[in-house]
Amino acid sequence: MPLRTARTAPYLFLAPFVLSFLIFGAYPIIRSVMLSFYITSGPEAQHFVGLDNYLHLLQDPDFWTAVRNTATFALGSVLLQLPLSLGLALLLNRADIRGRNVFRFIFFSPNLMGLVFSALLFMLILAPRFGLLNAALHALFGLPSTTRWLSTPSLVMPALIMVALWLYTGFNMVYFLAALQAVDGELYEAATIDGAGRWAQFWHVTLPGIRPVLIFVVVLSTIGSFQLFELAFLLLGNSSGPDQAGLTIVMYLYQNGFLGGDLGYAAAIGWTLALMVLLLALVQLRITGTGKEAR
Amino acid sequence: MAEIAFRNVNKIYPNGFQAVHRLDLSIADGEFLVMVGPSGCGKSTTLRMLAGLETISSGDLLIAGHRVNDLHPRARNIAMVFQSYALYPHKTVQGNIEFPLRMARLPAAEVKTRALEVARMLELEPLLQRKPGLLSGGQRQRVAMARALVRDPVAFLMDEPLSNLDAKLRVQMRAEIAALQRRTGTTTVYVTHDQVEAMTMGDRVAVFKDGLLQQVDTPQQLFERPVNTFVAGFIGSPSMNLITARREPAGGGPVLVVAGERISLGKGMETRFNLTDADAERVVCLGLRPEDVVDPQLVGEDRRLHGRVALTELLGREQMVYLDLRDGTRLVARLHADRRLKAGEEIAVGIDPARLYLFQADGRALPYRQG
Ligand SMILES: Nc1ncnc2c1ncn2[C@@H]1O[C@H](COP(=O)(O)OP(=O)(O)O)[C@@H](O)[C@H]1O
Ligand SMILES: [Mg+2]
């Protein structure tokens, strides 16, 4: 009898996780794959169509608009955010900067606010006539203070990128700070003695030292950018902006599935997005050569 | 020519702690100078000031006659081996060795030949494509040496380069580093806390204590003519016995009273000191190396100390004897082991005046006899 107890005990301990994973993880995944092969109208009416949803998606101009917008956002965010985060981290990692901790907190603080609050804040900042941004641009460069950031097609994505910059730069900075602090300080001294200037030290000591974190942050922010939804939703509402300039992939999924009621098509969009993100991450890891180092 | 000179150099850290006091020290071109002292005595600080990694609070640092206090480390052309080696972990051994040459923007072909040459010299050729993480401690040490040697620096600085190696490898590398230095003839400043390393490697040895340079001399001079009780006790292993003594007025030459017994110094001519009466008066401390304790039969009745054996340690052909003298003072003696002594045994030991060291109240040695 004790033997049997000993045998079953591990399974009993694992059961809560396995069960909840099966119910809340595996089942929805499988169900959504199946769903993507149906045309649905609300939860009841379902009609099997095979791969039609996917084929239709590939010819859906709105979907491609969403892909283009999302890619623009991802590229803009990653290319602006990460260098800025790293720059701030480098600056705040120096021992001779006074009040480092205060600045670290300030740059990180947007993450402590709710997304809704941030969106409200930026609605005010981006407001046409009395917004802070227009006022500043007007005061500094004499630009007209009537710019309608969120209702001019060409300005919607730049505005979103700017808000994301404000939101996430400090967060990524914290990753980089941690990585920088893990670099052996003696390496900089050795490099100095070996004749390396600041730039050479950055290139030969800092970058290789923070590489794993750098790759992690790049992949993570790319994935995060491709899942952009809340920010656009909060700033633009269901409308996805003028000329669909703010239509992102997840927003399109939401419009189809929850406004239009075609959960099957929405599931197909979701799975296509997942595949795209997976491919992107693999390409990034491949380019950086992660996973095949001799160490 | 690249002699190095510290002129009245002080180092005060930002927290107000003074790590180096009034350092005056000249290092000749091509010399192998070892800085030695207990941990925290300011050796690394001194070396780092020389490298340019620490600022100099006051005083002058001269290299080849030029003041370099404010010269950037890169401009000093000094190579350094760190205690932890500080190898670039993502570069191969070859990449590490080539790095200083690349930074100097030498032509690629020359970089390669010079790196190979040094790798060959240090027997690193088979390891050139490995990363440091896959090397043993001894191999890493060699790579660090190679990275320093590949340049043509004004001086090599080494901060306890062997302290992370096991004892056997340490002895081997000690000899190799000394040989390499002789071969290249480059001025070398070597820091260690190990007096054996210092004594076996250095042309001259600088002994530090609490940020103060105590003595700079050849190993032999340090051993035979230590300037004070600190140097006397630090140099030599096992450590010198330092025992309270006083001079007793007596006819027929100076007499020392040690542990309640009288030791005749004869006319004082046998000792290494210039024992004018005034000097001998100031003696408060007698130094005697354990190996300098002699067989009582070899000296007269007036040169013996008596005591009880507290403890012995056998060292093969010899034994270390811990002796409690008449007044309880501990004396360590290294004696022949043909008759093993036992704890509790009462024995006599002989004192040879020629091998004594004598110190004054402030710890300084009495003036040594000239020549
Ligand atoms: N950056 C620093 N700030 C304050 N004190 C320091 C600093 N670096 C070293 N010290 C102190 O200076 C003294 C000498 O240090 P160091 O030169 O490293 O000694 P050593 O190399 O001889 O062991 C030590 O007491 C150490 O605590
Ligand atoms: Mg040290």
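Here is the figure for region B:1-43: residues that are at pLDDT below 95 and of a type in the set (A, V, I, L, M) total 2.
In summary, residue B:244 fulfils each of the numbered conditions (1) in contact with a helix residue (DSSP H, G or I) (Cβ under 7 Å, 6 or more places away or on another chain); (2) of a type in the set (Ser, Thr, Tyr); (3) within 24 Å of residue B:348 (Cβ to Cβ) with the single exception of condition (1). If you go through region A:139-197 and pick out every residue that is more than 30 Å from residue B:153 (Cα to Cα), without any contact (Cβ under 8 Å) to a residue 60 or more places away in the chain and polar (S, T, N, Q), you end up with 3. Do we have any residue at all in region B:342-355 that's assigned by TED's automatic domain parsing to the domain that holds residue B:267, touching a Phe, Trp or Tyr at 6+ places or on another chain (Cβ under 8 Å) and on the phi < 0 side of the Ramachandran plot? Looking for residues that are assigned by TED's automatic domain parsing to the domain that holds residue B:267, touching a Phe, Trp or Tyr at 6+ places or on another chain (Cβ under 8 Å) and on the phi < 0 side of the Ramachandran plot, one finds none in region B:342-355, hence no. If you filter region B:298-357 down to residues that are of a type in the set (Val, Ile, Thr) and closer than 21 Å to residue B:244 by Cα, you find that the one that is farthest from the chain's Cα centre (by Cα) is B:347.
Of the residues making up region A:75-98, those that are open to solvent by less than 40 Å² (accessible area, probe 1.4 Å) and more than 30 Å from residue A:233 (Cβ to Cβ) are A:87, A:89, A:92.
Among the helices (runs of 4 or more DSSP H) confined to region A:1-82, the ones with at least 2 residues that are farther than 30 Å from residue A:225 by Cβ are located at A:2-21. Which helices (runs of 4 or more DSSP H) sit wholly inside region A:108-192 and have at least 3 residues that are closer than 30 Å to residue A:95 by Cβ and away from chain B (no Cβ under 14 Å)? It comes to A:153-181.
Of the residues making up region B:20-41, those that are open to solvent by less than 10 Å² (accessible area, probe 1.4 Å) and within 16 Å of ligand 1 (Cβ to nearest atom) are B:20, B:23, B:25, B:33, B:34, B:35, B:36, B:37, B:41. May I ask you to list the residues in region B:270-282 that are more than 26 Å from the chain's Cα centre (by Cα) and modelled with pLDDT of 75 or more? Result: B:270, B:274, B:275, B:282.
Starting from residues that are within 14 Å of another protein chain (Cβ to nearest Cβ) and more than 11 Å from ligand 2 (Cβ to nearest atom), keep the ones in region B:4-44 and report whichever is nearest to residue B:76 (Cα to Cα). Reasoning before the result, please.
Of region B:4-44, the ones within 14 Å of another protein chain (Cβ to nearest Cβ) are B:13-15, B:44.
This time we only want the ones that are more than 11 Å from ligand 2 (Cβ to nearest atom), so: B:13-15.
Values: B:13: 22, B:14: 24, B:15: 27 Å.
In this case the residue turns out to be B:13.
Which ones in region B:145-159 are under 16 Å from residue B:174 (Cβ atoms) and within 16 Å of ligand 2 (Cβ to nearest atom)?
Residues of region B:145-159 that are under 16 Å from residue B:174 (Cβ atoms), as a first pass: B:145, B:156, B:158-159.
B:158, B:159 - these are the residues of region B:145-159 that are under 16 Å from residue B:174 (Cβ atoms) and within 16 Å of ligand 2 (Cβ to nearest atom).
Scanning region A:245-256 for residues that are closer than 14 Å to residue A:60 by Cβ and of a type outside the set (A, V, I, L, M) gives A:252, A:255, A:256.
Return yes or no: is residue B:153 open to solvent by less than 40 Å² (accessible area, probe 1.4 Å), within 13 Å of another protein chain (Cβ to nearest Cβ) and under 30 Å from the mean Cα position of the chain (by Cα)? It is true that residue B:153 is open to solvent by less than 40 Å² (accessible area, probe 1.4 Å), within 13 Å of another protein chain (Cβ to nearest Cβ) and under 30 Å from the mean Cα position of the chain (by Cα). Condition first: away from ligand 1 (no atom under 16 Å from the Cβ), small (Gly, Ala, Ser) and either part of a helix (DSSP H, G or I) or not assigned by TED's automatic domain parsing to the domain that holds residue B:146 (or both). Now tell me which residues in region B:158-215 satisfy that. Those that are away from ligand 1 (no atom under 16 Å from the Cβ), small (Gly, Ala, Ser) and either part of a helix (DSSP H, G or I) or not assigned by TED's automatic domain parsing to the domain that holds residue B:146 (or both): B:167, B:175, B:178, B:179. Residues in region B:93-134 that are more than 10 Å from every other protein chain (Cβ to nearest Cβ), open to solvent by 10 Å² or more (accessible area, probe 1.4 Å) and not in a helix (DSSP H, G or I): 4 in all.
The single condition from (1) surrounded by fewer than 17 Cβ atoms within 10 Å (Cβ to Cβ); (2) modelled with pLDDT of 90 or more that residue A:237 fails is (2). Within region B:137-145, identify whether any single residue is open to solvent by 40 Å² or more (accessible area, probe 1.4 Å), in the same structural domain as residue B:201 (by TED's automatic domain parsing) and away from ligand 1 (no atom under 16 Å from the Cβ), and answer yes or no. Scanning region B:137-145, I find at least one residue that is open to solvent by 40 Å² or more (accessible area, probe 1.4 Å), in the same structural domain as residue B:201 (by TED's automatic domain parsing) and away from ligand 1 (no atom under 16 Å from the Cβ), so the answer is yes. Restricting B:230, B:223 to those that are open to solvent by 10 Å² or more (accessible area, probe 1.4 Å), within 30 Å of residue B:8 (Cα to Cα), in a helix (DSSP H, G or I) and within 16 Å of ligand 1 (Cβ to nearest atom) reduces the list to B:230.
Report whether or not residue A:194 is charged (D, E, K, R) and open to solvent by less than 20 Å² (accessible area, probe 1.4 Å). It would help to see each step written out before you state the result.
Working: charged (D, E, K, R): yes; open to solvent by less than 20 Å² (accessible area, probe 1.4 Å): yes.
Spelling it out, residue A:194 is indeed charged (D, E, K, R) and open to solvent by less than 20 Å² (accessible area, probe 1.4 Å).
Taking the numbered list (1) assigned to a strand (DSSP E or B); (2) not assigned by TED's automatic domain parsing to the domain that holds residue B:299 in turn, residue B:370 passes all entries but (1).
I'm trying to understand the selection: among the residues of region A:203-212, which are surrounded by fewer than 16 Cβ atoms within 10 Å (Cβ to Cβ) and more than 10 Å from chain B (Cβ to nearest Cβ)?
Step one: list which residues in region A:203-212 are surrounded by fewer than 16 Cβ atoms within 10 Å (Cβ to Cβ), which gives A:203, A:207, A:212.
Result: A:203, A:212.
If you filter region B:135-147 down to residues that are hydrophobic (A, V, I, L, M, F, W, C) and part of a helix (DSSP H, G or I), you find that the one that is nearest to the other protein chains (Cβ to nearest Cβ) is B:144. Please go through (1) surrounded by 17 or more Cβ atoms within 10 Å (Cβ to Cβ); (2) within 16 Å of ligand 2 (Cβ to nearest atom); (3) in contact (Cβ under 8 Å) with a residue 40 or more places away in the chain; (4) over 20 Å from residue B:180 (Cα atoms) for residue B:53 and return the number of the only condition it doesn't satisfy. Looking at each condition in turn, residue B:53 falls short on (3). Considering (1) within 16 Å of ligand 1 (Cβ to nearest atom); (2) β-branched (Val, Ile, Thr); (3) within 14 Å of another protein chain (Cβ to nearest Cβ); (4) crowded, with 18+ Cβ neighbours inside 10 Å, the lone condition that residue B:78 does not fulfil carries the number (1). Of all residues in region B:328-360, those satisfying the criterion of being in contact with a strand residue (DSSP E or B) (Cβ under 8 Å, 6 or more places away or on another chain) and small (Gly, Ala, Ser) are B:333, B:337, B:343, B:344, B:348, B:350. Is there a residue in region B:59-72 that is within 16 Å of ligand 2 (Cβ to nearest atom), open to solvent by 20 Å² or more (accessible area, probe 1.4 Å), in contact (Cβ under 8 Å) with a residue 12 or more places away in the chain and closer than 21 Å to residue B:20 by Cβ? Within region B:59-72 (the criterion being within 16 Å of ligand 2 (Cβ to nearest atom), open to solvent by 20 Å² or more (accessible area, probe 1.4 Å), in contact (Cβ under 8 Å) with a residue 12 or more places away in the chain and closer than 21 Å to residue B:20 by Cβ), the answer is no, since none of the residues qualifies. Among the residues of region B:236-258, the one identified as modelled with pLDDT under 95, buried (at least 21 other Cβ atoms within 10 Å of the Cβ) and part of a loop (DSSP other than H, G, I, E, B) is B:254.
The values are calculated or read from the model by the stated rules, or taken from the named source; none is laboratory data. These figures come from a predicted structure and were not determined experimentally. Don't worry about glycine lacking a Cβ; one is built from the backbone with ideal geometry, like all the others, and counts go over all protein chains shown. Accessible surface areas use protein heavy atoms only, side chains included; no ligands, DNA or RNA. Shrake-Rupley method; radii C 1.70, N 1.55, O 1.52, S 1.80 Å.
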